[in-house]
Amino acid sequence: MNIKSKILMAALAFGLSTTTAIAKEPSELNDLEIAHVAYTADLIDIKYAHLALAISNNQEIHDFARTMIRDHEAVNEQALGLLKKLGAEAQNNKLSQTLNEGATVKIDELSKLRGAAFDTAYAANELGYHKAVNDLVENAFIPNIENAEVKTLFQAGLKIFKAHEAHADMMVKKLK
Amino acid sequence: MKLNNTRRSFLIKSTAVSAAVVFPSMLIAKEEKGSTKAITHTVEIEQFKFKPEKLEIKLGDSIRWVNRDIVPHTATAIDKSWDTGEILHNESKALTFSKDAKNPIIEYYCFYHPSMKAKITITVFD
């Protein structure tokens, strides 16, 4: 599967229209733009988690959501620390904006659901979201990151997000 | 001698510490049938794995879990009989296995990341 197809898959997972314009291929982004995309992706999942804590009454959903908040905040803290050390600042870009637009649509969808319908939809979205982001990070971002420290942080992040994907998969199966 | 599954119960003496500090008193938590001293084993948590995943200890020994990952983890018994609580990045927590166990094989996991699992086997001093 080529990079463009991956992006389209990711866009679908984030609830976007496939006609959404994306200015650059992910593989064309520089390190600071990639950092911004990753930071944005973390913040989006934190938003989903807060929504889950507000709507769901399921203890497992709550535990998962708290883990998402805890882990994504920890990764972002590390990322900000590294950028500070490097004297750099993450650069906003079209892909980050597209992710945010997709998240707004998804949050709107999820916030209309209640009970088991919400839990199932939240779990499915977490699985799809982590799959899509992990695919981007593993196949488009990591091979193209130039700074060694940034690359190491992304490799550590990928381990974390793959564990989240596995956890979301367990949750989806349990809720069926 | 292995512990008898049916008649023993166990208690974890929690001695949670941060910043990789282990109180010296833990190191001689208990001695049984001889002069062998209890020791502290270290389990590294790295890349979402407990290392080692299988550990054999003696009654009275302690285990210190050191978290090398960016995100917090826990070491929590599957049956919820003990729990280290949250272990932050580059910090550690230790527990002393100071009383007899119901089952000499204890499975545990990370409460935050359930796919992380490991096993402790407890024996007593001969």
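The values are calculated or read from the model by the stated rules, or taken from the named source; none is laboratory data. Worth saying up front: this structure is predicted, and the values here are computed from it rather than measured. Every residue, glycine as well, gets a Cβ built from its backbone with ideal geometry; the counts of neighbours run over all protein chains shown.
Some notes on this structure:
- Against the numbered list (1) within 23 Å of A:ASP63 (Cβ to Cβ); (2) within 12 Å of another protein chain (Cβ to nearest Cβ), B:ILE78 comes up short only at (2).
- Residues of the stretch A:107-159 satisfying the condition of being surrounded by fewer than 20 Cβ atoms within 10 Å (Cβ to Cβ) and of a type in the set (Gly, Ala, Ser): A:SER111, A:GLY115, A:ALA116, A:ALA117, A:ALA121, A:ALA124, A:ALA148, A:ALA156
- Among residues of the stretch B:103-118 that are more than 14 Å from every other protein chain (Cβ to nearest Cβ) and modelled with pLDDT of 95 or more, those with a beta-carbon under 8 Å from a residue that is buried (at least 19 other Cβ atoms within 10 Å of the Cβ) and part of a loop (DSSP other than H, G, I, E, B) at least six positions away or on a different chain give the pairs B:TYR108/B:ALA75; B:ALA118/B:ALA75.
- Looking across the stretch A:16-37, just one residue is modelled with pLDDT under 95 and within 13 Å of A:VAL133 (Cα to Cα), and that is A:PRO26.
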